[in-house]
Structure formats: structure tokens, C-alpha cells
Amino acid sequence: MPQIIDGKAISAQIKEELQRKVAMLKKTQKTEICLAVIQVGSDPASTVYVGNKKKACAYIGIESLAYELPEETTQEELLALIDALNHNDKVNGILVQLPLPDQIHEDEVIRAIDPKKDVDGFHPQSVGALCIGQPGFVSCTPAGIIQLLKRSGIKIAGKECVVIGRSNIVGKPMALLLIRENATVTVAHSRTEDLKEVTKRADILVVAVGKPKMITREYVKEGAVVIDVGIHRNEDNKLCGDVDYDDVAPVCSAITPVPGGVGPMTIAMLMHNCVEAGTVRLE
């Protein structure tokens with residue numbers, strides 16, 4: 001049986017560490033950490049995510065400011081709010097829940113957030129800092145995957161890693177973080193030829209393709225570590241990932257389940273970035 005990488009347990013561990021750090025900051029520095037969360041419209045999935053972020057803030061001891069804007073909000077109105085939060089010294093982190101309604105340009109909104117408050121790690125300055133190994137906020141899902149691997153005792157340095165998917169939010173930063181950890185990294189995607197041959201070289205396979213159960217055992221080297229970033233509803237309305245878990249689990253050495261693997265880590269690392277934002281400001 002493979003090692004089941006428990007994202008719930010590891011994210012709880014990180015949140016407890018952050019809770020202690022925030023309590024110490026309040027005690028020794030008399031400082032409060034504050035996250036502003038902006039949601040435009042009432043997309044049900046976004047509402048759930050925002051609710052989970054508020055709960056995590058409350059648990060750790062971070063103040064959260066919620067801005068729930070109507071669907072018809074203009075880009076100018078949203079940018080004005082972001083500008084006000086950029087200049088609000090009380091606010092350490094700003095998060096705009098994606099996706100946004102069609103009338104708002106996502107890229108312009110991301111660029112409008114002060115990089116010092118970009119706790120999602122999406123701003124071009126944050127991404128550029130990651131590329132050249134400078135300090136900056138890292139996209140939460142890839143950062144969470146690195147923590148999953150490290151805290152599960154899985155060695156990254158020297159390993160051959162394959163990332164399937166090249167999105168700005170997961171695939172690209174994931175590859176950069178693995179390089180930072182001294183892995184040899186290949187990024188595969190929809191145009192990759194002989195995908196199975198590429199993925200079967202991987203000691204660590206990170207799957208972020210957005211297609212339910214696409215990855216079966218034919219893609220996986222015996223004894224590989226498999227990280228499944230995907231989350232979908234199957235025909236029975238049950239959650240599943242990009243990896244066919246039942247088919248792949250018997251051939252790998254470690255695997256993340258869906259749910260309970262990568263998902264909980266995203267919010268844990270968002271909280272980590274918020275605390276870092278508050279700590280850096282103090283320094």
C-alpha cells in the first residue's frame with residue numbers, strides 16, 4: 001500500500017504553528033494581522049472558498065475584512081476599492097476571489113494589488129521574484145505541495161519531477177519551486193508528444209490537467225510519488241481528481257487523495273502568506 005499524503009493533517013499542523021506565531025506577535029509586538037477578501041458576484045463555489053478562508057482567519061487569529069460586491073460591479077469600482085486597501089495600513093493582505101464577472105479584466109485586477117499585499121502570489125512582480133530566486137509571495141497551491149512533500153519525508157533534491165499542466169497559478173510556479181528545491185523538472189502539457197513516456201520518467205509526478213481521472217497507471221513509474229491537484233464531481237456527484245486514484249495507488253509509493261490532499265493546503269499557505277505579510281511589515 002502507498003503512503004497516503006494527508007493534506008488535512010498537514011494543513012492543520014501548519015495552521016496550529018501560525019496560530020502560535022500570531023498569538024506571539026499580538027503579545028510581543030501588539031500587532032494585528034488583517035486580510036481583506038473581495039468577492040464579486042455570488043458564484044456558489046467562490047462563496048464556499050471565501051467562507052473557508054474566513055474560518056481559517058478566525059482560527060489562526062487573523063482579522064478578516066469581507067467585501068461582497070454585486071455581480072454588476074464595474075472594473076473601475078473594484079480597482080478603486082483595491083487602491084483604498086493598498087493604502088490602508090491596517091490591511092496586510094488583499095485577496096480577490098477568482099473567477100471575476102466578464103466585465104472585469106482579471107489581469108488588470110491582479111496587477112492593481114500592491115505586491116507587498118499580494119498574498120495569492122499572482123502579481124507579475126511576485127512571479128518574477130520566484131523566477132530569479134528573490135523573496136516574494138508564492139502561489140498558494142504550489143507552495144502547499146512543497147510542504148506536503150517535505151512534511152511527508154519525501155526527498156525532492158536530485159529527483160526527476162514531471163508537472164503536467166502549465167497554468168500561471170499551478171503548473172509554472174510548481175516547476176519553479178521544484179527547481180528551487182534542486183529537482184530536475186519537466187513541464188508537460190496538451191501539446192506534449194508521447195506523454196506517457198515523459199510521465200513514466202517521474203520520481204515525483206504533479207498532475208494539474210483539469211480532466212477527471214485522466215492519469216491511469218500507464219502514466220506512472222513503479223514507486224513514483226503522485227500529487228493530484230485536480231478536483232471534479234464524477235457521474236455519481238462524488239469528488240475525484242485528475243488521477244484515477246484506485247488504478248494508480250497500487251503502483252506508486254505515495255499519493256494524495258481527493259478530497260483531503262492538496263486542497264486543504266491552499267488555504268493553509270494563504271494564511272502563511274498573510275502572516276508573512278504582517279511580519280515583513282514589522283521588520
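Values in this text are rule-based calculations from the coordinates and carry no lab data. Bear in mind the structure is a predicted one, so any value in this text is a computation, not a measurement. Every residue, glycine among them, receives a Cβ derived from its backbone with ideal geometry; neighbour counts consider all protein chains shown.
All other residues whose Cβ lies under 13 angstrom from that of Val243 are scored, Lys and Arg at +1 and Asp and Glu at -1, for a net of -3. Cα extents for the chain along the principal axes, largest to smallest and rounded to whole angstrom: 52, 44, 38. Amide hydrogen proximity for Leu65: with H placed 1.01 Å from N in the peptide plane, the residues at 5 or more positions away or on another chain lying under 5 Å are Leu35, Ala36, Val37.
In the chain, the calculated helix contribution to ellipticity at 222 nm averages -13000 deg cm²/dmol per residue, counting -39,500 (n - 2.57) for every DSSP H run with n ≥ 4.
Would you please classify the overall shape of segment 17-73 from the alpha carbon gyration tensor, given that a ≥ b ≥ c denote the square roots of the eigenvalues, rounded means a/c under 1.5, and beyond that prolate means a/b larger than b/c while oblate covers the rest? Taking the square roots of the gyration eigenvalues as a ≥ b ≥ c, segment 17-73 is oblate. Our summary gives segment 28-117 a relative contact order of 39 percent, counting only alpha carbon pairs under 8 angstrom and 6 or more residues apart. Residues whose amide H falls under 5 Å from that of Gln3, counting only those 5 or more places apart or on a different chain, are Ala254, Ile255, with hydrogens built in the peptide plane. Residues in segment 108-137, backbone N under 20 Å from the label point at Thr31 (7 Å along the Cα-to-beta-carbon vector): list them, ranges by number please. Answer for segment 108-137: 114-121, 135-137. Amide H to amide H distances under 5 Å link Val40 with Leu69, Gln97, where only residues 5 or more positions off or on other chains count and H is placed in the peptide plane. Karplus-derived 3J(HN,Hα) values for segment 25-37, using 6.51 cos²θ - 1.76 cosθ + 1.60 with θ = phi - 60°, are 4, 5, 6, 8, 10, 6, 10, 10, 9, 9, 10, 9, 10 Hz; glycine and proline are entered as x. Apply the a/c threshold of 1.5 to the C-alpha gyration tensor of segment 140-263 and tell me whether it is rounded, prolate or oblate. Rounded, because the longest to shortest axis ratio a/c is under 1.5.
Can you bin segment 10-106 into rounded, prolate or oblate? Criterion: square roots of the alpha carbon gyration tensor eigenvalues sorted a ≥ b ≥ c, rounded for a/c under 1.5, prolate for a/b above b/c, oblate for the rest. Note, shape of segment 10-106 comes out oblate.
Across segment 147-158, computed HN-Hα scalar couplings (Karplus, 6.51 cos²θ - 1.76 cosθ + 1.60, θ = phi - 60°) run 5, 4, 5, 5, 7, 9, x, 9, 6, 9, 4, x Hz from first to last residue, x flagging Gly and Pro.
Could you order the peptides 234-243, 198-207 from most to least packed, using the average number of other C-beta atoms within 10 Å per residue?
So the order, starting with the most tightly packed, is 198-207, 234-243.
For Lys211, a cut-off of 20 angstrom between C-alpha atoms picks up these aspartates and glutamates, skipping any fewer than 8 places away in its own chain: Glu193, Asp194, Glu197, Asp228, Glu235, Asp236, Asp242, Asp244, Asp246, Asp247.
Under 13 Å from a point 7 Å along the Cα-to-Cβ line of His105: which residues of segment 62-89 have their amide N that close? Answer for segment 62-89: 75-76, 79.
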